[in-house]
Amino acid sequence: MRVGLLGAIVSLSAALAHAQMSPPIQRPPSDPMSKDDSKDDPRFGSPEAEIRSKLEIKEEKRKYDEHVARAKEASQLAAQISTSYQTHSGFTSDDQKRLERLEKLTKRIRNDAGGGENDDDADLKDIPAGMDKTLQKVSEMAGELEKLVVNTPRNVVSAAVIDQANKLLGILQHVRASR
């Protein structure tokens, strides 16, 4: 009986020694900045994940607010150009700068709305005769563009915004080429 008891103690000791010697299996820590939003994520509902999502929402809101501000500035610039042209019966150096700024803003609005470069000149048939009427049309189109941008939710790609921006760019390029 002593031999059996001694054998059991030795085998138990060997098993415990082996268990202590093998390294525990550990999974590498997951990247806290990863975009994996699965429901199996053990960090789901964690304070870090909540803060991260709030920061992402805040950043999207900031970008949307900048997008709306660009549309408002474009509308104001177009109105200023039209008024200045009627007052001076021509373009001043400030008007040249405003035209360039208006074109850059309109391109940025189009690109932020999900559009890309458009080299179509199909909308040039809608350009009114005379620079006064053309600039009034630019002012109206910039105002419509502003309304479209303001009324479009921030997570939506608006074909109407892109189309309006492309039309406005076509007329602006015509104005800049014919001055």
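Data for the structure
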read-out: Verdict on Val156 being among the β-branched types (Val, Ile, Thr), under 30 Å from Glu56 (Cβ atoms), without any contact (Cβ under 8 Å) to a residue 40 or more places away in the chain and surrounded by fewer than 21 Cβ atoms within 10 Å (Cβ to Cβ); value: yes
read-out: Sole residue being under 30 Å from Glu146 (Cβ atoms), at pLDDT below 90 and surrounded by 10 or more Cβ atoms within 10 Å (Cβ to Cβ), chosen from Gln86, Gln76, Gln80; value: Gln86
read-out: Among residues of region 161-179, those that are without any contact (Cβ under 8 Å) to a residue 40 or more places away in the chain and within 17 Å of Lys72 (Cα to Cα), counted; value: 1
read-out: Residue count for region 107-126, restricted to those that are modelled with pLDDT under 80, buried (at least 16 other Cβ atoms within 10 Å of the Cβ) and assigned to a loop (DSSP other than H, G, I, E, B); value: 1
read-out: Complete set of residues in region 63-115 that are within 12 Å of Ala165 (Cα to Cα) and among the hydroxyl-bearing types (Ser, Thr, Tyr); value: Ser75, Thr106
read-out: Counted residues, region 159-179 - those being surrounded by fewer than 16 Cβ atoms within 10 Å (Cβ to Cβ) and more than 19 Å from Ser82 (Cα to Cα); value: 2
read-out: Conditions (1) part of a helix (DSSP H, G or I); (2) modelled with pLDDT under 90; (3) buried (at least 17 other Cβ atoms within 10 Å of the Cβ): number failed by Phe91; value: (1)
read-out: Given (1) surrounded by 10 or more Cβ atoms within 10 Å (Cβ to Cβ); (2) assigned to a helix (DSSP H, G or I); (3) at pLDDT below 85, number of the condition Ile9 does not satisfy; value: (3)
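The values are calculated or read from the model by the stated rules, or taken from the named source; none is laboratory data. The shown structure was predicted, so the numbers you read here are calculated from the model rather than taken from an experiment. Positions of Cβ are backbone-derived with ideal geometry, glycine not excepted, and every protein chain shown enters the neighbour counts.
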